[in-house]
Amino acid sequence: MPVIDQLRDSLGWDVVLTDDADRDARSHDTWPVATVWAKLGRHPHRPDAVVRASSVEDVVTTLRIAAQTGTPVTAWGLGSSVTGQPLPVAGGIVLDLAGLVSEPVLDEIDRTVTVAAGVRGSDLESWLGERGLTLNHSPQSLGRSTVGGWIATRATGQFSSRYGGIEDLVVGYQVVLADGTVADLGQRPRAAMGPDLKQLFLGSEGTLGVVTRVTCKVFAHPEHRVVEAFTLPDVEAGLTAMRQISQCGLRPFLVRFYDRDEAAHAVPHEEISAPVLFLGHEGLTSVATAEHAAATAIVASLGGTSMGAAPVDAWLSRRYDFSTVENLLAEPGGYAETVEVANVWSRLAPMYAELKQTLAPLATEVLGHFSHVYDQGSSLYMILLGRADDDETALARLEEIWARAMKVVVAHDGEISHHHGGGLARQPWVRESLGTGYPVLQKLKDGLDPAGLLNPGKLGFGRR
């Protein structure tokens, strides 16, 4: 391909990879559907070349050559997406940003840290931890995802009920547009000069630009932390407790409510026959203690019974463990899927009930938990575990899970994704989900990437 020759002339042969193994490695992320494709030896979304960028100049050069030749470009971090976001459905170039790393730059007065977009989340958290600081951004994929990937996917972490998602934690970032233009976006600390452009590329999945540098807030480690687990009579009581805790102004760092089926996994060494709530507060000792007392009083008023701190402490020690899903997917015919969605409080329980009923025939276990709490609602995480006769049947089962789940969520006017993003998994439902807001997104795409070269096939966009 002429574009490959241009890339090699400009970037070097060692930067532009075309071997089958290199291209195959970027044709599967950790989406269970893609994992089964790999087991079956299929590579339906394979790039023509991989560019391993190690500088902003590499990104600019790649995008300019792509624009001149009309070649699609799909950004790639560490391939940890679970929805097919970095898969190059139109071939072309995969722009691998894992080598775009730098030493963190810490501003202790403003409490920010700046790093290149390819830095691994756990590496940055460890670096900050040595200095008594933390990001307070804790996705389960912390050790498998990049800082730039958090921006592109609008990620959130397990403690977001107190600290917010990446949209709340990012101060600013640098992005390279489709034509190679470099833009720095952010506010100091807030501005009233037009819209907040920082929000524009959050969650854009590489369809509007490529993030190359990120500045995030950092926090001191909390003075005090208190955690506790409770059983509750039913799902309605648990959701009411979460809603009342949030709406009265309490901000626990941890709020996770498991239905009875998932509670058995959340508290694996005890006999559990009721839903379970994990609750935790942190900060100044006096404040955290008072908030926890107020929150636990709400839980008790709804029939909650304390199980002590041990179940939460055990979960905190294993919260980055993916092994249940990964081990099942590794079995012949094994399949597992996680579908995270969201809704307002008034529609959340009915949506959950219909999802449980609709998905029950498709898996051995259908588990549910609620987390990431807001004054107006919460996310809902459905986890499905099953075994089929063979991998072909498992693949069909996974596809059916997505079709049924998305249909239910749209019918309940919910959000079809809370934090995993759209990718390929949700591509058929993007326009229906966004409704009359979709033309606004399309106009942004038309203005920033008129040729449709950046990550085509995502967020409802196709290649022109």
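Here is how the numbers come out for the structure above:
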{"item": "Per-region count, segment 32-78, residues closer than 12 Å to Ile93 by Cβ, surrounded by fewer than 20 Cβ atoms within 10 Å (Cβ to Cβ) and of a type in the set (Asp, Glu)", "result": "1"}
{"item": "Helices (runs of 4 or more DSSP H) wholly inside segment 125-196 containing at least 1 residues that are in the same structural domain as Arg213 (by TED's automatic domain parsing) and either over 22 Å from Gly422 (Cβ atoms) or hydroxyl-bearing (Ser, Thr, Tyr) (or both)", "result": "147-153, 160-163"}
{"item": "Residue in segment 95-105 that is modelled with pLDDT of 95 or more, within 17 Å of Leu169 (Cα to Cα), surrounded by fewer than 24 Cβ atoms within 10 Å (Cβ to Cβ) and not acidic (Asp, Glu) present", "result": "yes"}
{"item": "Filtered residue count, segment 259-298, keeping only those that are surrounded by fewer than 16 Cβ atoms within 10 Å (Cβ to Cβ), of a type outside the set (Gly, Ala, Ser) and free of Cβ contacts under 8 Å to residues at least 60 places away in the same chain", "result": "5"}
{"item": "Glu282 being among the charged types (D, E, K, R) and either in contact with a helix residue (DSSP H, G or I) (Cβ under 9 Å, 6 or more places away or on another chain) or part of a loop (DSSP other than H, G, I, E, B) (or both)", "result": "yes"}
{"item": "Conditions (1) of a type in the set (Phe, Trp, Tyr); (2) within 20 Å of Trp429 (Cβ to Cβ); (3) assigned to a strand (DSSP E or B): number failed by Phe370", "result": "(2)"}
{"item": "One residue from Asp19, Asp29, Asp9, Asp24 being among the acidic types (Asp, Glu) and crowded, with 16+ Cβ neighbours inside 10 Å", "result": "Asp29"}
{"item": "Residues satisfying the stated conditions in segment 304-324, i.e. within 17 Å of Arg256 (Cα to Cα) and among the small types (Gly, Ala, Ser)", "result": "Gly304, Ser306, Gly308, Ala309, Ala310, Ala314, Ser317"}
{"item": "Matching residues in segment 153-170 - criterion: being in contact with a Pro (Cβ under 7 Å, 6 or more places away or on another chain) and of a type in the set (Lys, Arg)", "result": "Arg162"}
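The values are calculated or read from the model by the stated rules, or taken from the named source; none is laboratory data. Every value quoted in this text rests on a predicted model; they were computed, and no experiment measured them. Glycine also receives a Cβ, built like all others from the backbone with ideal geometry; neighbour counts cover every protein chain displayed.
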